[in-house]
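Reviewing the structure listed below.
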Amino acid sequence: MIRGVGMLTLAIETSCDETSCAVIKDGRQVLSNIISSQIDIHKRFGGVVPEIASRKHIESINNILQEALDTAEVGFKDIDLIAVTRGPGLIGALLVGLSTAKALAYGLNIPIVGVNHIEGHVCANFIDHKDLEPPFTCLIVSGGHTYLVQANGYTDYELIGRTRDDAAGEAFDKVARSIGLPYPGGPHIDRLAKIGNMESVAFPRVIIDEHTYDFSFSGLKTAVLNHLNQMKQKNEEIIVEDIAASFQAAVLDVLVDKSFRLAKERKSDKLVVAGGVAANEGLRTMMMERGKKEGIKVYYPSKILCTDNAAMIGAAGYFNYINGNVSDLGMKVMPNLDIK
């Protein structure tokens, strides 16, 4: 087999509260992508409980692994490469996936690649958009991360901007909880924002300064909480749809403006959106409308590939492998792993 041609990658993702295994052909073709979510378990706690997440991964991993192989109609002997998330994420959860991946690579005597979960989100776009190739500008926005990067190659990411405090997705969850919405809050805010008045409350657009591409959402979150407290003190009616719409608009305005400013600065005609918040309908609409206006093509994954999943890890592992980035069995999890 020529390296990278007809290659089957078995991928494992256990960075947070989804246990996922997938089989990917040549980095872009999904033969299977099985995801077992723990959302219903953690919902009662208002967020992910790390110890519970780790235990559920242990309970699920073998069954999910076998289901991925069965769905792809392949066996272990057909697999050429193991790809696994090594970070960032919850250390106990990561250890379940990495331990499983190491055992498979050792037993099958095949190479293993430790994948950066954040890069995996970017690579989800390579699965849905077969024509997409670097270079491009990319906004990565999720519950734990908000980054602006320039992708100069399939494994070459230049970090330009990042959040200085709360990630955008984290702010969504915290604001959602403050107005009585369940975890995870992002989809609920997005749903209510469609029927709310985004101009009802003038929440601040936190720019920091015009010379940086960094983000800050902590002040916006505090502004929402202060507004809610003032309304409660005055016994004024709180219209959650309007709060959701106004808050979401304040977040998206900043994300979109900075993304297109960077794309134009780098003379990029492609802008890629990745991460869990890439599923947000409001963000997708604003990005597409701005893209048409600016003459920049916007890419984002299907919603199932916006969530944590093993298919994106398989894609990232494949591109790392064909570019000579192979791990060894001594690699460790890196809960605070940053994007390169």
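The separation of the range 60-115 from the range 238-281, counted between C-alpha centres, amounts to 34 Å. Pairs with C-alpha atoms separated by more than 25 Å, drawn from the list LYS258/LYS297; LYS56/LYS340; LYS77/LYS102, are LYS56/LYS340. A simple count of charges around ASP156, restricted to other residues whose Cβ falls under 14 Å of its Cβ and scoring Lys, Arg +1 and Asp, Glu -1, yields -1. When the label point is put 7 Å from the Cα of ARG261 along its Cα-to-beta-carbon vector, which residues of the range 157-189 have a backbone N closer than 16 Å? It comes to 160-164, nothing else.
Here's the picture: charge each Lys and Arg Cβ at +1 and each Asp and Glu Cβ at -1 in the range 134-301, and of VAL224, VAL277, MET288 the one pushed furthest to the positive end of that dipole is MET288. Summing charges over all other residues whose Cβ lies under 12 Å from the Cβ of GLY47, with Lys and Arg as +1 and Asp and Glu as -1, gives +1. Basic side chains Lys and Arg get +1 at the Cβ, acidic Asp and Glu get -1 at the Cβ, and with that the dipole of the range 114-188 about its Cα centre reaches some 300 debye. Protection proxy ranking for 298-307, 315-324, using the average of other Cβ atoms within 10 Å per residue and placing the highest first: 315-324, 298-307.
Computed about its Cα centre, the charge dipole of the chain is approximately 220 debye, with only Lys, Arg, Asp and Glu carrying charge at their Cβ. What you get for the range 1-160, charging only the Cβ of Lys and Arg (+1) and of Asp and Glu (-1), is a dipole of about 320 debye around the Cα centre. Using the Cβ of GLU241 as centre and a radius below 11 Å, the other residues enclosed give a net charge of +1, where K and R count +1 and D and E count -1.
Among the DSSP beta bridges whose two residues both lie in the chain, what percent are antiparallel, rounded to the nearest 5? Approximately 60 percent, going by the DSSP bridge assignments.
Using alpha carbons only, how many degrees (0 to 90, rounded to 10) separate the axis of helix 91-108 from the longest principal axis of the chain? Between the helix axis and the principal axis of the chain, the angle is about 20 degrees. On a straight-distance basis, which lysines could pair with LYS232 in a cross-link, Cα separation under 19 angstrom, same-chain partners fewer than 8 positions away excluded? Candidates past the 8-residue exclusion: LYS174, LYS221. Beta bridges assigned by DSSP with both partners in the range 134-301 are antiparallel in approximately 60 percent of cases. For the chain, the relative contact order works out to 25 percent when only alpha carbon pairs closer than 8 Å and six or more residues apart are counted.
Each value in this text was obtained by applying a stated rule to the coordinates, not by laboratory testing. Given the structure is predicted, the values throughout are model-derived calculations rather than measurements. A quick note on method: Cβ atoms are made from the backbone with ideal geometry, for glycine too, and the neighbour counts reach across all protein chains shown.
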